[in-house]
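Where a number appears in this text, it was derived from the coordinates with a stated rule and is not lab data. Keep in mind that what you see is a predicted model, and the values were worked out from it rather than measured.
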């Protein structure tokens, strides 16, 4: 657990340090700028993973770091992600790591800043499977916070709580 907390703290510090110089001009604020037609953003992603089901018998809490790009189509925001997730091992089993590649979409809900969507992705390395991951979230100022569930099709199931900061490129 100490290793996970240290990694999360280090990732947060890296995000804050790298984001500070760009924040004044490039950080998006709210869900609207992401959905704007032709808007293109890129940003870091960090999250905490809580395994469930039989996957929780072999691994403990994990973390995710990665990057996310979005492209606005007016009503819908397309997104693409690349991330690395690591889980602590249980019962004398080693830790597990996986790289994920995903693409999906999200739609803003009528309540300010809220959105729902999904990502179809493929996980490699210790977790080798395809899955569709529903997500819900809220965009608060420059922070994009969300909750996800990976476990519709694959065997490695977990809830993820994460966040991102989007930097507008276009």
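Summary of values
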item: Contour excess over end-to-end distance, with Cα ends at residue 42 and residue 132 and 0.36 nm allotted per residue; result: 30.2 nm
item: Full-stretch length increase - residue 140, residue 120 - with 0.36 nm per residue and alpha-carbon distance subtracted; result: 4.7 nm
item: Cα pair distances in region 24-170, grouped into 5 Å bins until the bin that holds the longest one, percent each; result: 2, 10, 19, 24, 17, 12, 8, 5, 2, 0, 0
item: Distance from region 94-170 to region 40-56 (C-alpha centre basis), Å; result: 7 Å
